Amino acid sequence: MGIIPFGPTYDEMLDPGTLDGALRERAIAARGNELDPVNLFNITWRDEANEVRRLVLPPELTGVDANIVVLLGCAFPSGSHKVGPAYSTLMEGLVDGEIVPGEHTILGPSTGNFGIGTAYISRLLGFRAIVIMPDNMSRERYERIEKYGGELELTPGSESDVILTLERTHEMMRNPQYKALAQFELFPNYRFHRHVTGNSAVAAVRGIGNGRIAGFASAPGSAGTLAAGDQIKAVFPEAKVAALEPYECSTLANGGRGQHRIEGIGDKMCTLIHNVLTTDFVVLIRDEETVQGLKVFRDGADTLTRLGIDRGSALGLRDCFGPSGVCNVLGAIKLAKYLRLGPGDNVVTVATDGFDRYQSVLDDLDGRYLETAPFVLDRWAGDIFLGATQEQVYDYRRAGDKERLFARKESDWLKFGYSKAFLDGMREQAFWDEQYGKVGYYNGKIAALRTKPRETNGIGL
């Protein structure tokens with residue numbers, strides 16, 4: 001197989017067409033063997049033809065004239081785009097000499113997908129991995145982590161209690177053996193999504209509508225994906241960014257009370273890497289609607305055809321979404337309605353993963369309802385998608401509203417040792433642009449180290 005000392009640069013993840021042709025061919029051929037380390041070079045939104053994987057949802061489903069464009073994360077190695085920031089964080093640690101092969105164990109605080117990505121990347125690069133996550137997530141997530149050799153350190157609660165995983169991570173980090181891929185606070189997550197996801201979103205709308213992005217909607221878990229909005233705004237300054245939260249546990253809008261069941265989002269904090277300067281709206285989504293919507297996508301092909309969607313498109317939705325992806329679609333619809341967008345306008349969102357880790361979620365839904373017959377799915381499709389309203393949309397464009405978000409960030413992160421001066425620096429866009437500017441530095445370091453022989457860099461595969 002040869003030696004792959006390091007994986008791709010940020011630029012190569014954005015556009016794998018820039019890879020050496022033979023390496024690109026090897027990576028494409030390795031898709032059927034996900035444990036082949038050359039799959040590191042498949043960490044990209046692009047397919048074998050170098051086109052961004054995306055769906056444009058039919059208006060018969062969305063009920064809006066604007067195009068809802070969904071980037072599809074399920075084809076990333078390990079089945080979720082979260083593998084991208086996991087790889088980037090580990091790779092930057094290797095480049096900087098902060099993570100040493102044979103010396104350090106990798107920690108991955110997560111509610112699932114980032115933990116899966118951590119276990120996967122650690123397996124490919126030869127590290128032991130421990131994933132710290134709540135003990136009430138879908139069983140498929142735990143199984144996937146263990147499949148990749150990851151160990152589980154479970155904390156009490158569910159998606160709404162991820163702060164406990166963060167506290168446990170910081171406790172474990174007192175042992176110098178452990179190095180955390182701390183997605184909520186380390187900036188490789190921001191860099192990956194601003195550069196790779198943001199620019200992929202820009203590419204995804206070429207040839208669709210007016211070719212511009214009017215809105216970007218994403219639910220913050222770590223808030224990494226929201227960083228794509230920073231790059232979208234850099235290209236299309238008029239674009240609006242919406243952060244989506246569970247109605248049952250809205251942190252940015254209402255302080256984070258309650259519990260919710262949308263796996264992968266809404267983690268009762270304003271994460272350190274969340275650039276609130278570019279968040280224009282906070283939109284609330286009911287958790288039950290995301291699971292009902294998932295049921296419609298998965299088992300409701302007949303329902304969707306009755307809405308006027310061709311059967312091929314209806315079947316194409318079955319495997320591409322989890323609850324957080326449905327949440328993002330609902331948020332994109334609500335944003336399009338709130339902004340009164342029309343034909344030619346584009347709203348972009350993401351489907352973080354696919355259905356493969358959520359059968360148990362639908363089993364639970366089926367157990368909670370007397371029946372989910374076709375007429376029930378017909379009603380859900382009408383109520384949830386076509387019936388999405390402009391309610392629970394909070395405008396955060398005013399400076400006073402931003403102050404609430406900055407105050408929340410202070411209350412969440414001062415206790416973890418970050419200084420007020422550091423947090424105050426985040427009030428200027430220059431702080432975030434400086435973080436993004438490091439992409440070029442890491443591109444150069446990764447490319448240079450990749451050419452060195454195995455014995456000099458210590459992590460040849």
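Data for the structure
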read-out	value
Candidate set: segment 403-454, residues that are among the basic types (Lys, Arg) and within 26 Å of Leu164 (Cα to Cα); chosen: the one modelled with the highest pLDDT	Lys420
Selection within segment 28-53 - farther than 15 Å from Leu14 by Cβ and out of contact with any Asp or Glu (no Cβ under 7 Å at 6 or more places or on another chain)	Ala29, Arg31, Gly32, Asn33, Glu34, Leu35, Asp36, Pro37, Val38, Asn39, Glu48, Ala49
Test set (1) farther than 20 Å from Val361 by Cβ; (2) surrounded by fewer than 24 Cβ atoms within 10 Å (Cβ to Cβ) - Tyr120 fails condition number	(2)
Residue list for segment 274-309, filter: assigned to a loop (DSSP other than H, G, I, E, B) and either touching a residue at least 60 places away in the same chain (Cβ under 8 Å) or buried (at least 21 other Cβ atoms within 10 Å of the Cβ) (or both)	His274, Asn275, Thr279, Asp280, Gly300, Leu307, Gly308, Ile309
Those helices (runs of 4 or more DSSP H) lying entirely in segment 316-428 with at least 2 residues surrounded by 13 or more Cβ atoms within 10 Å (Cβ to Cβ), aromatic (Phe, Trp, Tyr) and in contact with an Asp or Glu (Cβ under 6 Å, 6 or more places away or on another chain)	none
Given (1) more than 22 Å from Tyr338 (Cβ to Cβ); (2) out of contact with any Phe, Trp or Tyr (no Cβ under 8 Å at 6 or more places or on another chain), index of the condition Ala66 fails	(1)
Residues of segment 403-414 classified as more than 23 Å from the chain's Cα centre (by Cα), of a type in the set (D, E, K, R) and under 30 Å from Pro323 (Cβ atoms), total	1
Residues located in segment 45-66, provided they are touching a residue at least 40 places away in the same chain (Cβ under 8 Å) and more than 21 Å from the chain's Cα centre (by Cα)	Pro58, Glu60, Leu61, Thr62, Gly63, Val64, Asp65, Ala66
Counted residues, segment 117-128 - those being under 16 Å from Ala180 (Cβ atoms) and assigned to a helix (DSSP H, G or I)	6
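The values are calculated or read from the model by the stated rules, or taken from the named source; none is laboratory data. The model shown is predicted, which means the values in this text are computed figures rather than measured ones. A quick note on method: Cβ atoms are made from the backbone with ideal geometry, for glycine too, and the neighbour counts reach across all protein chains shown.
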